[in-house]
Each structure stands twice: as C-alpha cells, then as structure tokens.
1. Need one number: nm distance between label points at residue 61 and residue 17, each 7 Å from Cα along Cα→Cβ, rounded to one decimal.
2. Whole-Å semi-axes of the stretch 2-68's equivalent ellipsoid, largest first, each the root of 5 times a Cα gyration tensor eigenvalue?
3. Quick one: putting +1 on the C-beta of Lys and Arg, -1 on the C-beta of Asp and Glu, what dipole do you get for the stretch 2-68 around its Cα centre, in Debye to the nearest 20?
Amino acid sequence: VHLGELDVPGGTPVPVWMSREQFAYWSHTHLTIDVVPGRGAGFSVEAPTGRRFLIRSRLFTDDEVAALGGTAP
C-alpha cells in the first residue's frame, strides 16, 4: 500500500510503502516519519549520515475516522 511521499529538502520525494498486512494492522493510526540524529538499525539513511528514522503514531480521532469513511473501533 502506497502511504505517500516523504519530502526531502534538496532532494526528490521518497515513496513510502507498507505491506497490506501491516496496513490492516496500522489502518486506525496516524503515522509520522521523522529523521533525527542518532543511530538505529535497518534503514540506509543511518549508516552514512548518523541519522535515524523515528516513527510516531497516534490513534485517529472519531472525526478523522469519519472523514476517511470508516467507523471508530
């Protein structure tokens, strides 16, 4: 599932994808992806830059769920 594009200053947008199974699991949440200083594991940005991805999540509000055409859990 294509979630959207990350805006990269001075670069081209980076597409963000998630498996259908992961999307079903996370479909009730708002995800924010940031790049922050520090070390992490598993993503190519970390090795050469000293930065890591940080993903924050929160549950959608009832209004957000309604706007997406769904029903709140």
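Laboratory data are not the source of any read-out in this text; all were calculated from the coordinates shown. Everything numeric here is computed off the predicted structure, so don't read it as measured data. For neighbour counting, all protein chains shown are included, and Cβ atoms are generated from backbone atoms with ideal geometry for every residue, glycine included.
1. Taking the simple label geometry, residue 61 and residue 17 are separated by 3.4 nm.
2. Details: eigenvalues 131, 36, 30 Å².
Semi-axes from the Cα gyration tensor: 26, 13, 12 Å.
3. Details: 6 positive and 8 negative charges, 74 e Å.
It comes to approximately 360 debye.
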